[in-house]
1. Looking at chain B, do any whole DSSP H helices span at least 18 angstrom along their long axis by alpha carbon and average -1.0 or above on Kyte-Doolittle, and which?
2. Any chance you could tell me what percent of the C-alpha pair distances in segment B:27-155 go past 18 Å?
3. Points 7 angstrom from Cα along the Cβ direction at A:S49 and B:R5: gap in nanometres?
4. A:K90: which lysines have alpha carbons under 30 Å from its alpha carbon, excluding same-chain residues fewer than 8 sequence positions away?
5. Suppose every K and R has +1 on its Cβ and every D and E has -1 on its Cβ; what is the size of the dipole of segment B:22-132 about the Cα centre, in Debye to the nearest 20?
6. What's the exposure ranking of A:F140, B:F202, A:F198, going from fewest to most Cβ atoms within 10 Å?
7. Please compute the average number of Cβ atoms from other chains found within 10 Å of each residue's Cβ in peptide A:174-187.
8. What number in nm² do you get for segment A:17-164 if you take the convex hull of its Cα atoms and divide its surface by four?
Amino acid sequence: MLSPADPHLTTRPPAPVKGSSRSAVCHAAGLTLAAIARVLSGASVRWISSQPDTCQRVYFSNHTSHLDALLIWSSLPRVVRERTRPVAAKDYWSRGAVRRWLAEKVFDALLIDRTDIKVHQSPVDLMLREIGDTKSLIVFPEGSRSVNGEIGEFKSGLYYLAKKRPELELVPVHVDNLNRVLPRGEFLPVPMLSCITFGPPLWLEQQEPKVDFLARARRAVMALKES
Amino acid sequence: MNDPRTLALIVGVLALLSIVTAVGQFLRRHPDRGLDPAAVRSFNSRIRGWWIMCTVLAAAFWLGTTATVVLFGLVSFWALREFITLTPTRLGDHRALFWVFFAFTPAHYVLVSYNRYDIYSVFLPLYGTLFVLARVAIAGDSKRFLERTAKIQAGLVVCVYCLSFAAALLQLPVATPPSAEAPLPGTANFRLLFFLILLVQFADCMQYVWSRMIGRRLVAASVSSNRTWEGLLGSAVSTSLLASVLWWAAPPYQPWEAALAGFVISLMGFAGGMTMSAIKRDRGVTDYGTLVTGHGGVLDRIDSTCFAAPVFYHITLLVTDVAVL
């Protein structure tokens with residue numbers, strides 16, 4: 001496996017997070033919601049051949065529930081969490097004042113318009129512009145939540161992210177059983193036990209075709225389910 | 001605390017635990033004794049479980065009856081969580097499960113804490129069952145309907161209903177004359193609860209020990225590979241012996257009644273272990289703890305207690321010869 005193109009990236013001390021726009025209330029709300037979600041979903045967190053790090057990363061995960069992003073975000077150590085932004089669908093998260101407040105102020109989410117993707121304003125460019133050279137992202141390459149718990153085909157955004165910023169660490173994440181805690185179309189959770197597994201980072205190989213890379217990334221997530 | 005019998009029980013248990021802890025640590029440090037290291041590890045993890053159990057029970061004892069009922073409620077909640085996580089459910093069960101977790105389980109324990117035996121003794125088996133059936137039917141998914149509802153009911157009865165009888169021991173009017181209106185939940189009731197847990201744990205261990213020593217005939221090879229008829233019988237006999245020796249700790253019991261209770265507790269503990277093994281075998285896991293990595297496996301620890309608690313409660317009722325209603 002290739003090492004990052006820029007080796008000092010992983011070793012340099014974390015740069016201070018720029019003056020966050022989040023107020024103390026939003027910060028507290030984030031911590032509270034994260035704690036509630038952790039308790040409700042009985043989430044245990046595993047890092048397999050992988051360590052939490054403040055270097056720039058893209059966490060890519062299977063998508064089964066609205067709680068996914070919240071739980072992945074809350075299972076990161078605080079210093080990492082503060083520089084990690086979930087990517088979410090604008091059509092869902094900007095509907096209604098509460099959702100918009102949660103997405104924009106509490107979780108500092110990066111909202112992507114799924115219905116209006118243009119060539120000159122591609123979501124990938126937007127993401128890269130927003131994260132600058134300090135922040136990390138949580139993405140769901142399947143694009144939408146799976147209905148039956150199976151992991152669907154990955155959309156190509158992950159590939160273009162890796163192609164434009166090859167030094168970003170791509171960390172596979174597997175979310176297990178959350179689809180039973182809060183399935184698609186339900187709003188009341190059932191407190192079943194779930195598990196979040198972080199795997200070893202991967203990078204885009206030189207000249208690796210898009211299809212191969214996406215299949216490899218998907219396999220990396222699926223492999224975490226078995227381990 | 002100033003009751004000599006309670007004190008004797010506490011000192012005795014602490015001494016016993018210290019001894020087995022020392023033995024466990026000795027075995028861990030000397031792997032050359034020819035013992036299976038996996039067995040030593042599981043022995044030590046069991047001892048750790050006992051220390052936790054004792055600490056938590058002591059804390060509950062100190063905080064009073066309500067705290068103990070709440071504690072058992074939380075244990076039930078967690079056990080049910082493990083049970084349902086292990087059980088395949090369908091989307092149509094989701095809302096029924098929500099109410100089972102957040103309405104029926106707490107409501108049952110509230111009834112227990114108010115000592116409403118008249119209601120809580122039928123609440124889950126009757127109304128819980130009716131609710132689950134109706135709610136799953138209304139959700140509109142009829143596939144394997146009876147199988148799915150039966151799973152939820154089994155979880156409710158074993159994890160919540162049965163276990164709550166251990167907490168309900170604290171409500172029994174054992175230390176006061178039968179005429180008393182309100183039972184005095186004194187140290188006598190806590191000793192009764194402790195008596196139950198001690199005997200269940202002891203029976204579990206004896207089953208293992210007797211099976212290892214003289215076990216020949218497996219009860220059901222496809223369900224459990226280490227539970228034998230010899231282990232069952234040996235454990236039943238040794239548990240009733242221990243119970244008859246400890247009869248003074250359990251308030252209303254005479255020695256022979258205590259021996260009988262010990263015998264039945266051992267059998268019920270065995271039944272609970274077998275039942276949970278069958279469920280685990282069916283789902284292809286070895287214990288509930290490994291089901292979701294990082295969780296302790298509460299159900300593994302309390303399966304025998306769940307089955308023994310209601311029977312012990314009712315035997316105590318008979319022995320006390322009072323009506324709770």
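Bear in mind these aren't lab numbers, they're just calculated from the coordinates by the rules spelled out. Not measured: the values here are computed from a predicted model. Using ideal geometry, Cβ is built from the backbone for each residue, glycine included, and neighbour counts are taken over all protein chains shown.
1. B:4-29, B:37-63, B:65-86, B:187-214, B:229-245, B:255-283, B:298-320
2. Roughly 65 percent, once rounded to a whole number.
3. 6.2
4. A:K18, A:K105, A:K118, A:K135, A:K155, A:K163, A:K164, A:K210, A:K225
5. 320
6. Ranking A:F140, B:F202, A:F198 by Cβ neighbours within 10 Å, fewest first, gives B:F202, A:F198, A:F140.
7. 2
8. Seen from a random direction, the Cα hull of segment A:17-164 projects 9.6 nm² on average.
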